[in-house]
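Accompanying notes for the structure given below.
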Amino acid sequence: MGKQRKEKEDPNLTQIRKGQEILFDNSIFRYLVLGNLKIVGRNELGKKTAASSRADGTILVNKNVSLSPKQWAYAMAHCILHNCFGHYDLEKVPGYFETDHDGTKIKKASFNKKLWNIACDIYVDRFLNDIKLGDPLNQSPVGNIPLSIMEDEQKIYEYLLREHWDESNHIYGVGAVDSMDMIGLDEPIKYEKDKWGYQQENEFASDFAHSLARSVAEAIDEVAEQEYDDSFGRQLARWFMNSFPLLGAIAASFKIVDSETECRKYDISLAAVDAYEGIIYINTKKKLAEAEWHFVMAHEFMHAALLHHRRTAGRDHYLWNIATDYVINGWLAEMKIGMMPEGALYDPDLKDKSAEEIYDIICRDLRSFKRKDTFRGHGQGDIMGKRAAGSFYGTDRGVSLDDFYRSALSQGLEYEISTRGRGYLPAGLVEEIRALAVPPIPWDVKLAEWFNAHIKPLEKHRSYAHPSRRQSCTPDIPRARYVLSESDDSSRTFGVIIDTSGSMEPSEIGKALGAIASYSASRDVRAARVVFCDATAYDAGYMTPDDIAGKVKVIGRGGTRLQPAVDLLQRSKDFPKNGPILIITDGGIEDHLIIKREHAYILPAGCRLPFKARGEVFNM
């Protein structure tokens, strides 16, 4: 007899089950009942809707949709949370129905089901984004909604009404673009007393509250396990958790290695931090007082928390390390955290200066500062690690280390201020923490602001100088027509200098030119003057935004001297005297540029100029 063929399982069902396993591995969702999960086909949900929830708690999963396990985990968790957050409950739904004493329903206010579904989806998306569970299906831009209303579904709903949100454009949640993932909003649930007089409640919300409590208890148990570690490093970390709330969360999460062997292996004289791995090394062979160790540990925690390992921006790593050491030690001395060890980098004349400012000072006196020692030793920075940041909790349930440091430091700041007061922290430190908590403005947005400042868009005004228009209801009354303001086209232009040296990547040049062409077209700029430059300037003349975007042929690819291109534009008779200049370069410029008009630089990520720029700098 031939071997019987094994029937292969539907690959989509395999992915769905793997998604369920991710939920069971999550400390919040593993305790929620998934018995109401029902796998259905496209006939019940539509061709593109991945999952939906019902008011009775049933979760419908479309087996005909192909998703990754992380996306299935996200979709199922999203639908579960609709019930757990009470999005079907009558008391939460915005102004739907109330029941009169005789049992009749009285309509209270108009209610848009689709917008309420979208509001709930935004709220759930924000929660799942915060706990880093799974992968969203639509890459929904939660950041487009004001943060001030994100904590309340009804406020989000009111915002969508005010903004006249297109209810058919459903970019949030797990449904299709034009469909809903909540079924049963026609009849919201009202919880009343049962026949024994007990008030009924949303059992899904109760289960979710218990799950959160268990999850927190597990986290506390994990910390408690660390308490049994009686090593010198953990004793120091516990001091921060108990006595210094600002760095308490950071201290609880770091691994402290107090091994002389490991310090000898990495050539660490006193201490160093590997923020990418979440490890602090301390050399206990060095005999310091306990207060001095508190200072050293706080110093290393601050390096990681303030993301100094990610903020070099093309600067010399060792000199940047020295600059940040001066800043941190000044703050710790002001806060009276421990006792500064002998030989630590500290200068009261540098108080209130940023690390960037101190770095510029160091560059002007390299001979003196090259002889300075960090806590790691001579000629080496105590900020270790050069790899790209990974995940703090692993790849499956990961939150990036940078995000974790930002979050822990921001929460520590709020707790520090609430318990000890604002006066215990230096103003510069508070400002830096606040700045880290706010996502940086994208470079292209700042470039758009630069265009707004130097090239105003043409404005429309009413004019009777052109053929008038008339309305059918009043044909005898001529009306003004909107026309663009007249302007001198020669003044509405700018120069673009493109560094075409061998170190410039064509993709970076293309990215910058694309943004320039887009903003030029939006501001009715007819043409811009383009100059290529490596060691010599190559004048390409005036080019339209379309030509800049798609037809620029790069000339050059030699060394880097941009001053000839600047001189060409500044001396050109057919280029406006006040025309601004944009310079696209990687910063590998051989000489200081002398520019006598408005200008700005566009640099690839991680690059910086070798001199202090007078114009604005946009890092892509």
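The values are calculated or read from the model by the stated rules, or taken from the named source; none is laboratory data. Keep in mind that this is a model prediction, so the values were computed, not measured. For neighbour counting, all protein chains shown are included, and Cβ atoms are generated from backbone atoms with ideal geometry for every residue, glycine included.
Data overview
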read-out: Within segment 479-510, considering residues that are loosely packed, with under 12 Cβ neighbours inside 10 Å and part of a strand (DSSP E or B), the one modelled with the highest pLDDT; value: ARG479
read-out: Where a residue in segment 277-288 is within 15 Å of HIS303 (Cα to Cα) and assigned by TED's automatic domain parsing to the domain that holds ALA251 and its partner, wherever it lies, is aromatic (Phe, Trp, Tyr) and in a strand (DSSP E or B), with Cβ under 6 Å and at least six apart; value: none
read-out: Considering residues of segment 313-343 that are part of a loop (DSSP other than H, G, I, E, B) and buried (at least 21 other Cβ atoms within 10 Å of the Cβ) only, the residue modelled with the highest pLDDT; value: GLY338
read-out: Residues within segment 514-535 that are under 16 Å from ASP586 (Cβ atoms), of a type in the set (A, V, I, L, M) and crowded, with 23+ Cβ neighbours inside 10 Å, tallied; value: 0
read-out: Selection count, segment 41-55, where residues are in a loop (DSSP other than H, G, I, E, B) and either modelled with pLDDT of 85 or more or surrounded by 16 or more Cβ atoms within 10 Å (Cβ to Cβ) (or both); value: 4
read-out: Residue check for VAL296: outside any strand (DSSP E or B), of a type outside the set (S, T, N, Q) and either at pLDDT 90 or above or within 21 Å of ILE322 (Cα to Cα) (or both); value: yes
read-out: Tally, over segment 272-301, of residues that are surrounded by fewer than 24 Cβ atoms within 10 Å (Cβ to Cβ) and farther than 16 Å from MET335 by Cα; value: 13
read-out: Residue count, segment 573-588 (criterion: assigned to a loop (DSSP other than H, G, I, E, B) and surrounded by 15 or more Cβ atoms within 10 Å (Cβ to Cβ)); value: 8
read-out: PHE85 being under 22 Å from GLU151 (Cβ atoms), surrounded by fewer than 23 Cβ atoms within 10 Å (Cβ to Cβ) and modelled with pLDDT of 85 or more; value: yes
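This table checks each residue for (1) modelled with pLDDT of 70 or more; (2) of a type in the set (A, V, I, L, M); (3) out of contact with any helix residue (DSSP H, G or I) (no Cβ under 6 Å at 6 or more places or on another chain).
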position	(1), (2), (3)
ARG126	yes, no, no
LYS132	yes, no, yes
ILE149	no, yes, no
LEU161	yes, yes, yes
SER168	yes, no, yes
